[in-house]
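Asker: Let me begin by handing over the structure; questions about it come next.
The values are calculated or read from the model by the stated rules, or taken from the named source; none is laboratory data. Predicted model only: the values in this text are computed from it and were never measured. Ideal geometry is used to build each Cβ from the backbone, glycine not excepted, and the neighbour counts take in all protein chains shown.
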Amino acid sequence: MEERLNHIEQKDKMKNIVVSGIPKQEEEVSETMKKLFKAMKVQINDGDVLETFRLNSNEDAPILLKLKNMEEKNTLMSKIRDLKGIKLNECGLSGGNKSIYFNEDLTRQNQLLFKKARELKKEKKYNKAYVSNGKIYLKKNENDRPIRITSTMLPVWGILILLLLQCDGLSSDNCGFNSMCTCTPGQHDQGTRTIHGVSCISVPFYKFPTMLSLGYIP
């Protein structure tokens, strides 16, 4: 139920972007966003923006940008990747040469999940931890298939780390958790039991008494 509610909440945030790093300006937030769009050379009309406001009473708080549809959101996110970032003074905004950051609007649960993904990236030398349309992914190497991370449960996370370390994008590799287990990320073939994005193939349930007793295998 909790996972389902999180999914519904994240779906409601799908067209939003959180813009941080912009201190209080002389003009209204909506005008600040127009300056930003112009500097980025993206065509966002007034009717494409539903709302713009700061997320709390702090005058330097991140700005929530609510867009009308996914096309405008994807255009903005794609452009910022192409620019490899943009700074305040490049947009005619006060604050010097500090960077402006664009992020997806995540639920509290997904924020925690993304934090854990970044920690794993740092600790285990993964190439990338990133968000795409509200979903969190890890990649061991640039050309590997991304592994979707879908649980914030700490005990499951421990098992997930163990599986990822052994299976990180390599098909039919020994899992390490059990010598009879072979793993491929994200596989959903018949007879496969998926463990939060990493699948253990054709292994009878009785081979995993600990995982079974804790309910980690769906």
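Asker: Run down 35, 98 and say which single residue is at pLDDT 90 or above, exposed (fewer than 15 other Cβ atoms within 10 Å of the Cβ) and more than 21 Å from the chain's Cα centre (by Cα).
Answerer: Only one candidate qualifies: 98.
Asker: So, residue 44, is that one part of a strand (DSSP E or B), within 25 Å of the chain's Cα centre (by Cα), surrounded by 15 or more Cβ atoms within 10 Å (Cβ to Cβ) and not basic (Lys, Arg) or not?
Answerer: Against the criterion (part of a strand (DSSP E or B), within 25 Å of the chain's Cα centre (by Cα), surrounded by 15 or more Cβ atoms within 10 Å (Cβ to Cβ) and not basic (Lys, Arg)), residue 44 does not qualify.
Asker: Another question, if that's okay. Say whether the condition of being without any contact (Cβ under 8 Å) to a residue 24 or more places away in the chain, of a type outside the set (Phe, Trp, Tyr), surrounded by 14 or more Cβ atoms within 10 Å (Cβ to Cβ) and assigned to a helix (DSSP H, G or I) is met by at least one residue in segment 8-26.
Answerer: no
Asker: Can you say whether residue 78 is over 18 Å from residue 108 (Cα atoms) and part of a loop (DSSP other than H, G, I, E, B), as far as the supplied structure shows?
Answerer: For residue 78, the condition - over 18 Å from residue 108 (Cα atoms) and part of a loop (DSSP other than H, G, I, E, B) - is not met.
Listed here are the residues, each with its yes/no results for (1) surrounded by 15 or more Cβ atoms within 10 Å (Cβ to Cβ); (2) over 22 Å from residue 11 (Cβ atoms); (3) at pLDDT below 90; (4) not assigned by TED's automatic domain parsing to the domain that holds residue 69.
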position: 112; (1), (2), (3), (4): no, no, yes, yes
position: 121; (1), (2), (3), (4): yes, yes, yes, yes
position: 126; (1), (2), (3), (4): yes, yes, yes, yes
position: 130; (1), (2), (3), (4): yes, no, no, yes
position: 139; (1), (2), (3), (4): yes, yes, yes, yes
position: 142; (1), (2), (3), (4): no, yes, yes, yes
position: 158; (1), (2), (3), (4): no, yes, yes, yes
position: 162; (1), (2), (3), (4): no, yes, yes, yes
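Asker: Shifting gears a bit: Based on this model, can you work out whether residue 65 counts as among the hydrophobic types (A, V, I, L, M, F, W, C), in the same structural domain as residue 134 (by TED's automatic domain parsing) and surrounded by 15 or more Cβ atoms within 10 Å (Cβ to Cβ)?
Answerer: no
Asker: Which condition does residue 86 not pass, out of (1) at pLDDT below 90; (2) of a type in the set (A, V, I, L, M, F, W, C); (3) closer than 30 Å to residue 26 by Cβ, if it passes all the others?
Answerer: Here residue 86 meets the rest and fails (1).
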